[in-house]
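Structure record follows, encoded as C-alpha cells.
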Amino acid sequence: MKKETGKRHIAILGSTGSIGTQALDIIRRHPERFEVELLSANRNAELLAAQAREFDVNHVVICDESRYEALQDALRDTDCKVFAGTESLCDLVAAQEVDIVIGAMVGFSGLRPTLAALEAGKIVALANKETLVAAGALVTKCAAEHDAPILPVDSEHSAIFQCLMGAAGNKVERLHLTASGGPFLGWPREQIAVATASQALKHPNWDMGAKVTIDSSTMMNKGFEVIEARWLFDMPPERINVVVHPDSIVHSMVEFCDGALLAQLGCPDMRQPIGFALGFPERLETGGRKLDLAALGTLHFEKPDTERFPCLALAYEAIRRGGNLPCALNAANEVAVKAFLEGRIGFYDIPRLCESVLNGVDFAADPSLDGIFETDAQARRLAAQSIR
Ligand code: MG
C-alpha cells in the first residue's frame with residue numbers, strides 16, 4: 001500500500017450511505033489532507049466501485065458476499081483489491097496504513113468492525129450509534145484499553161464534544177440533547193397510529209438514511225442518543241435531558257453548576273459534525289450554509305411527549321435497568337423498523353414490540369461480547385415471533 005506522509009489515511013465503513021457519501025464530499029474538497037485507503041458497503045457494488053475509482057482507493061469490501069463478483073468485475077482494470085464479508089473488513093480496518101476509521105454502517109452490523117478498529121488503536125469517528133447502544137460498556141472499555149479515541153459524528157454528540165472543549169476542567173452537571181421531534185411532532189396520537197412508512201420518511205430538517213429517519217419519527221433515535229451520550233461522556237442517564245427543538249439549530253448543550261449552558265449552533269447539515277471529526281482538532285471548510293440568526297428570528301423548545309412517543313421512555317428504561325437490555329432494545333427496534341418499512345406492522349407496533357422484547361429477554365447484568373451476540377439473536381427471535 002502507498003502511504004504519503006502528512007495525509008490522514010481514511011477508512012469508511014458504509015461509504016455508500018448518507019454519512020459515507022457526505023464524508024467523501026468533504027474529502028473531495030481537501031485532497032491535500034486525506035487519502036482514502038479503504039471503503040466498504042453492504043451491497044451497493046455500483047456506487048462502491050465508482051467511489052473506489054474516483055478516490056483511487058487501495059481496498060474495498062462488500063459485506064454482502066453475493067455482490068462480490070459484480071464489484072470484482074467493475075474494478076477489474078484497476079489496482080484496487082476487492083474483498084467480501086465482515087471478517088475481511090475487520091482485518092483490513094486494523095491495517096497499519098489506516099489512521100481514521102469512519103464507522104457509518106447501519107445497526108448492529110457495525111459492532112465487530114468498530115471493535116476491530118479500536119483494538120488496533122485507530123481513531124474511530126463514530127456515526128453508527130447502535131454500536132454504543134448494543135455494547136457501550138465493552139466498546140468504551142476496548143477504546144480505553146487500546147488508547148483509541150472515539151470521536152462522535154452524531155450531530156448532538158459532536159455538539160456536546162465541541163461544548164466540552166469550553167469546559168476548562170469544570171464538572172458538567174447535565175447534558176441537554178436536542179430533538180427535532182420528527183415529522184409527527186404536532187400530530188395527535190390517533191393520526192400517528194395510522195402513519196405510513198413514506199410519511200415517517202419525510203424528516204422536516206435532516207437528510208439522513210431510512211433507518212435513522214424512522215427512528216427519528218418514533219423518537220427511538222433520541223432514546224438511543226441518550227444511551228450513546230451515557231457511554232461517550234460517562235454521564236448517568238438521569239443527568240441527560242432531552243428537549244424538543246423543532247428548528248434543529250441548537251445541536252445540543254452542556255450545563256454547569258452555575259447554571260451556564262454552552263451550546264453549539266449551526267444549520268442542520270451532517271457535513272459539519274463529519275468534518276469536525278475528520279479534521280479534529282482543526283476545523284475544515286465543508287461547503288455548508290452559514291447560519292443567519294436574524295433571518296431565523298426565533299428558536300423554539302418544548303418538553304418531549306412520551307405518551308405519543310413511547311420509544312424515548314423505553315430507551316431510558318433500558319439504560320436505567322442496564323446490562324444487556326439496551327442491546328435487546330436495539331435488536332427489537334431493528335426488526336420492528338424493517339417490518340414497518342415493509343408495511344407489515346403499524347407505527348405503534350414498533351414500541352409495542354420493543355417493550356415485549358425488553359420484558360421477555362433473558363437479563364444479563366454484565367454481558368461478554370458473546371453474551372451481546374446471544375442477546376441480539378434472542379431479541380430478534382422474540383421480535384419476529386411477536387410480529388407473526
Ligand atoms: Mg443525531
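Every number here is computed from the coordinates shown, using simple stated rules; none is lab data. This one's a predicted model, so the numbers in the text were calculated from it and none came from an experiment. FYI the Cβ positions are ideal-geometry reconstructions off the backbone, even for glycines, and counts take in every protein chain you see.
Taking A195, A127, A23 as the candidate residues, the one with maximal mean-square fluctuation in a Gaussian network model of the chain, Cα springs under 10 Å, is A195. Alpha carbon centre of the range 281-340 versus the range 229-266: separation in Å? If you average the Cα positions of each part, the centres end up 12 Å apart.
Counting Lys and Arg as +1 and Asp and Glu as -1, each charge on the Cβ, what is the dipole of the range 157-321 about the Cα centre in debye, to the nearest 20? Don't skip to the answer; put the middle values down first.
On the way: 16 positive and 19 negative charges, 41 e Å.
With Lys and Arg at +1 and Asp and Glu at -1, about 200 debye.
Taking other residues whose beta carbon is less than 13 angstrom from the beta carbon of I372, and scoring Lys, Arg as +1 and Asp, Glu as -1, yields -3.
For the range 54-62, backbone phi angles converted through the Karplus equation (6.51, -1.76, 1.60; θ = phi - 60°) give residue-by-residue couplings of 4, 9, 6, 7, 7, 9, 10, 10, 9 Hz, Gly and Pro being listed as x.
Here the relative contact order of the chain, from alpha carbon pairs under 8 Å that lie six or more residues apart, stands at 14 percent.
Give me the one-decimal Kirkwood hydrodynamic radius in Å for the range 8-152, with the sum taken over alpha-carbon pairs. Provide the component values of the computation, followed by the final result.
Working: mean 1/r = 0.0674 Å⁻¹.
The Cα-based Kirkwood calculation yields 14.8 Å.
Length, then width, then depth: along the principal axes, the Cα atoms of the range 123-232 run 48, 26, 21 Å. Evaluate the distance, in nm, between pseudo-label points positioned 7 Å from the Cα of A168 and of R344 along their respective Cα→Cβ axes. The modelled label-to-label distance comes out at 5.6 nm. Stokes-Einstein diffusion for the range 157-321 at 37 °C, viscosity 0.692 mPa s, with a Kirkwood radius from C-alpha pairs, works out to 196 µm²/s.
Under 20 Å from a label point set 7 Å out along the Cα-to-Cβ vector of E285, the amide N atoms of the range 3-38 belong to 7-8, 22-35.
Would you calculate a helix-derived [θ] at 222 nm for the chain, using -39,500 (n - 2.57) for each DSSP H run of n ≥ 4 and dividing by the full residue count, to the nearest 500? Show your work: numbers first, answer last.
Details: 17 runs with 177 residues, N = 388.
That calculation yields -13500 deg cm²/dmol at 222 nm.
With an 8 Å Cα cut-off and a minimum separation of 6 or more residues, compute the relative contact order for the range 261-336 in percent.
Working: 27 pairs, mean separation 13.2, N = 76.
Reported as a whole number, the value is 17 percent.
About its Cα centre, the chain has a charge dipole of approximately 520 debye under the convention of +1 per Lys or Arg Cβ and -1 per Asp or Glu Cβ, with nothing else charged. Going by neighbour counts of Cβ atoms within 10 Å, the residues R352, R308 line up, fewest first, as R352, R308. Between A313 and S368, the simple label model (points 7 Å from Cα in the Cβ direction) yields a spacing of 3.8 nm.
Order of V194, V242, V357 from fewest to most other C-beta atoms within 10 Å?
Numbers: V194 10, V242 24, V357 27.
Fewest-to-most ranking of V194, V242, V357: V194, V242, V357.
One quarter of the convex hull surface, Cα atoms only: what value does that give for the range 262-355 in nm²? Value for the range 262-355: 9.8 nm². Our summary gives the range 177-253 a relative contact order of 50 percent, counting only alpha carbon pairs under 8 angstrom and 6 or more residues apart. Computed over the Cα atoms of the range 334-388, pair by distinct pair, the Kirkwood hydrodynamic radius stands at 11.7 angstrom.
For the range 101-150, what value does the Rg/Rh ratio take when both radii are computed over Cα atoms and Rh is the Kirkwood radius, given to two decimals? Don't skip to the answer; put the middle values down first.
Values: Rg = 9.2 Å, Rh = 10.2 Å.
Radius of gyration relative to Kirkwood radius: 0.90.
Residues T213, T298, T178, T306, arranged from fewest to most other Cβ atoms within 10 angstrom of their Cβ, appear as T298, T306, T213, T178.
Given a Förster distance of 45 Å, report the FRET efficiency between L261 and Q385 from their Cβ-Cβ distance, rounded to the nearest 0.05.
0.50
Working note: Debye formula, equal point scatterers on the alpha-carbon atoms of the range 268-308, no solvent; log10 I(q)/I(0) at q = 0.14, 0.15, 0.17 Å⁻¹ is -0.56, -0.61, -0.70. Coordinate range of the alpha-carbon atoms in the chain per principal axis, descending: 57, 52, 40 Å.
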